[in-house]
Amino acid sequence: MKKIIYTLLVLLPLSALAAGNVKLSSVNIDLTDNASLQRGAKHYVTYCLGCHSAKYMRYKRIAMDLDIDDAVVLAEIAPEGANIYDPMHTAMNPDDSKKWFGTTPPDLSLIARVRGGDWLYTYLKSFYIDKNKPFGVNNTVFKDVGMPNMLWQLQGIQTASIQKVQGEDIVAYLKIKEKGRLSNKEFDKVVTDLVNFLVYVGEPIQLERQQMGKYVLVFLILFCIIAYLLKKEYWKDIH
């Protein structure tokens, strides 16, 4: 019991930190949309894998789960030279990354389970210019973020309207200062696909688990009915 209470106390600040004072936008997660997951995997390799590994996911697992050929995964998703059985490891040297960023970029295999899809979705859309930061950007969801905005060419460059609230600087809203290659709708689709993929990576068996859960519930209901009838039968002569 002490361990359970301690775990809840540890997780409580994390859940509070996830939202903070920022209202999270809602993302439409659909793990049955294999096309979205395939696009998300490609976006992850293109924009994220350079720094962040997803070491608990293998390219072969992606091919099996999304029902696509190994050759397609190697040609359209995996980086050049990767083997179909390779985990999604970044090529960045940990020592170099610590030197450049001050810390080693975390593995993102379980980031969706820790932060949640809405948090990731809002985070990826909430970078704005802040020339006081090492990479020239900040984030409304993750203040003083220590990474660049890898999607700026797609989204464009955002500026923030800062307001003073009880002596603290608060971002009132974000505004596109310089347009990117994609429209708002197109960029939203890219981010949705990417978050969809990260949610899938966090628990690849989620759909199977949910399907199995239905059968388990039916079994438990039937078992309860049988147990109740047996109880009545055993006790009917006692009264």
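Quick notes
- Full-stretch length increase - Gln166, Lys236 - with 0.36 nm per residue and alpha-carbon distance subtracted: 18.2 nm
- Most mobile of Glu203, Glu168, Glu80 in a GNM of the chain (Cα contacts under 10 Å): Glu168
- Cα shape, the stretch 35-79, gyration tensor, a/c 1.5 rule: prolate
- Degrees between helix 2-19 axis and first principal axis of the chain (Cα, 0 to 90, nearest 10): 40 degrees
- Sites Asp69 and Asp96 - FRET efficiency at Förster radius 22 Å, r taken between beta-carbons, to 0.05: 0.05
- Residues considered: Ile129, Ile205, Ile225. Largest GNM mean-square fluctuation over the chain, using C-alpha springs under 10 Å, is found at Ile225.
- The length gained on full extension between Val218 and Trp152, counted as 0.36 nm times the residue separation minus their Cα-Cα distance, comes to 18.9 nm.
- Per-residue ellipticity at 222 nm from helix content only, as computed over the chain with -39500 (n - 2.57) for each DSSP H run of at least four residues, stands at -15500 deg cm²/dmol.
- Spin-label model distance (nm) - Leu182 vs Lys55, 7 Å beyond Cα toward Cβ: 2.9 nm
- With neighbours defined as other Cβ atoms within 10 Å of a residue's Cβ, the residues Met88, Met147 order from fewest to most as Met147, Met88.
- All Cα pairs of the chain, percent lying beyond 22 Å: 63 percent
- Rounded to the nearest 10 degrees, the angle from helix 184-202 to the longest Cα principal axis of the chain is 50 degrees.
- Exposure proxy order (Cβ contacts within 10 Å, fewest to most) of Leu220, Leu174, Leu124, Leu49: Leu220, Leu174, Leu49, Leu124
- In terms of other Cβ atoms within 10 Å, His43, His89 run from fewest to most in the order His89, His43.
- Full-stretch length increase - Ile226, Asp30 - with 0.36 nm per residue and alpha-carbon distance subtracted: 66.8 nm
- Mean Cβ count within 10 Å, highest first, over the residues of peptides 179-191, 54-66: 54-66, 179-191
- Angle between the chain longest axis and helix 206-235 axis [Cα atoms, degrees, rounded to 10]: 20 degrees
We did not get these values from a lab; they are worked out from the coordinates using the rules stated. Note that the structure is a prediction, hence the values are computed from the model and not measured. As a convention, Cβ positions derive from the backbone with ideal geometry for all residues, glycine included, and neighbour counts pool all protein chains shown.
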